[in-house]
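Down below is the structure, laid out as structure tokens.
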Amino acid sequence: MTNPKQINGFSKLNKTQRREWLAEQFLSGAQAEILSGFDAGDPAQQGVIDNFSENTVANFPLPFGVAPNFVVNGKTYAVPMVIEESSVVAAASAAAKYWMTRGGFRAEVVATEKLGQLHFRWSGSPQRRAALLNGLCTRVRAKTKVLTERMEARGGGVRNIVWKHLPGVAPDCYQLLVSFGTADSMGANFINTVLEAYGRELERWAADCPDLAADERQLEIVMAILSNHTPNCVVRAWVNCPIADMAIPVNGIDPHVFARRFKYAVDIARADPYRAVTHNKGIMNGVDAVVLATGNDFRAIEAATHAFAARDGQYRGLSRCRIDNDTFHFELSLPLAPGTVGGLTRLHPLANLALDTLGRPDAPELMAVMAAAGLAQNFAALRSLVTTGIQKGHMKMHLQNILSAFRATAEERVQTEARFRGETVSHHGVREFLATLRG
């Protein structure tokens, strides 16, 4: 390989040319050939995938799995999950099957409001805002009606506008905080389009509004963008049953002992941020897998979730557990803003198929399924932690990854699984055992 030089016009190259450039500058020929091995068989389908991003040189496959036996609000689902981490789908499936015979998961959408922000500098005084707000709202709503009427017909639209002063940034820094309903779409493009239109109208308002004095006419738009913080777009999921019915098929543990340990583990995550981060990561294993499978934005949902977990000033576990009158209650509340129309949900062939698998849910139903997947994952992880320990299930799946790394045959897999059944799995130990098998 030569010393890489700056390249101009890389985005204008076709995929073959980009691969050739990588091979010349950074990869060997054999390495570069790997890229083409992951192309979709259907050229038309590959063309759709290539248009999802820029400068594409290959597809990056992830496992698409299904967790069966999920009962959510009385409806049975096979939940699609896209994730590369071992044991997540298996754990979610086991928890779903466990709760299927105990009433299943219940879920309710608490609110579906999303937010956007228009930041601007204004020469007027903070005291004048209240007198001007109603007129300003009426004007910007009327002038942007053409952008919102279709969303309003679907039950969405602009819900509320608040004019805020941000003196901590600068004395002349202000913000319009706008609340939206976006029906079954995630709504990012709609929100951003409306906010930018509000910005243009705000500049016109400052130039010609008769209610503004001469020293109030200076206004500069800084930026207009949705907020991924969605504390008013929340879903709650829960399970409950009498403790006497909670047979735990692990080490013959007494159900009451299990319930007490389980609650203790949840309470620790509520009190200790170090534990809470790992606790919530486990919840998001389940949530993100469904988010990815359905073509939604897992980065936005992750960011919103962790902000929500710290909403009282301390980062806390998102789930709660209580025991009342010998009944076990376990629940989860989290902000979710997925879409079932628009974006990749229709364009990506597998995302579209995932929604078909779920029965073409609307956005609130999908929120319920995602929350149930997160609660199931949390239940499975905590059940392992307070009984056998987390590594038993993890290492069983980890063994398969080690065997794949050593290109084990089907017969070698069978013999290695038998050798390490009930024992600690290590990379070194598996390598030595395979070396013995292979002579």
Notebook entry, point to check: Does segment 69-82 include one or more residues that are modelled with pLDDT under 95 and not hydroxyl-bearing (Ser, Thr, Tyr)?
Noted result: no
Note to self: Can you tell me which residue is surrounded by the most Cβ atoms within 10 Å (Cβ to Cβ) among those in segment 108-135 that are among the aliphatic types (A, V, I, L, M) and within 27 Å of ALA337 (Cβ to Cβ)?
What the structure shows: LEU118
Notebook entry, point to check: Quick check, is ALA354 under 30 Å from ARG322 (Cβ atoms), assigned by TED's automatic domain parsing to the domain that holds GLY282 and of a type outside the set (Lys, Arg)?
Noted result: no
Check: For segment 18-29, which residues satisfy the criterion of being exposed (fewer than 13 other Cβ atoms within 10 Å of the Cβ) and assigned to a helix (DSSP H, G or I)?
Finding: GLY29
Check: Name the pairs: first residue in segment 253-281 and assigned by TED's automatic domain parsing to the domain that holds PHE308 and surrounded by fewer than 20 Cβ atoms within 10 Å (Cβ to Cβ), second residue part of a helix (DSSP H, G or I) and of a type in the set (Lys, Arg), Cβ to Cβ under 8 Å, at least 6 apart or on different chains?
Finding: ILE268/ARG275
Notebook entry, point to check: How many residues are part of a helix (DSSP H, G or I) and surrounded by 19 or more Cβ atoms within 10 Å (Cβ to Cβ) when one looks only at segment 136-152?
Noted result: 3
Item checked: Scan of segment 30-50 for residues that are outside any helix (DSSP H, G or I) and either among the aromatic types (Phe, Trp, Tyr) or touching a residue at least 60 places away in the same chain (Cβ under 8 Å) (or both), ordered by number -> PHE38
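Report the residue count in segment 306-343 for those that are among the hydroxyl-bearing types (Ser, Thr, Tyr) and crowded, with 22+ Cβ neighbours inside 10 Å. Before you say what the answer is, go through the steps one by one.
From segment 306-343, those among the hydroxyl-bearing types (Ser, Thr, Tyr) are 315, 319, 327, 333, 340; that's our starting set.
Okay, now just the ones that are also crowded, with 22+ Cβ neighbours inside 10 Å, so 319, 340.
Going through segment 306-343 one residue at a time, the tally reaches 2.
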Notebook entry, point to check: Which numbered condition trips up GLU220, out of (1) charged (D, E, K, R); (2) at pLDDT 95 or above; (3) in the same structural domain as ILE283 (by TED's automatic domain parsing)?
Noted result: (3)
Margin query: Checking ALA354 against (1) part of a helix (DSSP H, G or I); (2) surrounded by fewer than 20 Cβ atoms within 10 Å (Cβ to Cβ); (3) not hydroxyl-bearing (Ser, Thr, Tyr), only one condition comes out false. Which one?
Written below: (2)
Notebook entry, point to check: out of contact with any strand residue (DSSP E or B) (no Cβ under 9 Å at 6 or more places or on another chain), over 22 Å from ALA91 (Cα atoms) and either surrounded by 14 or more Cβ atoms within 10 Å (Cβ to Cβ) or at pLDDT 85 or above (or both) - does that describe any residue in segment 382-398?
Noted result: no
Notebook entry, point to check: Given (1) assigned to a helix (DSSP H, G or I); (2) crowded, with 19+ Cβ neighbours inside 10 Å, where does ALA408 come up short, assuming only one miss?
Noted result: (1)
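The values are calculated or read from the model by the stated rules, or taken from the named source; none is laboratory data. The model shown is predicted, which means the values in this text are computed figures rather than measured ones. Don't worry about glycine lacking a Cβ; one is built from the backbone with ideal geometry, like all the others, and counts go over all protein chains shown.
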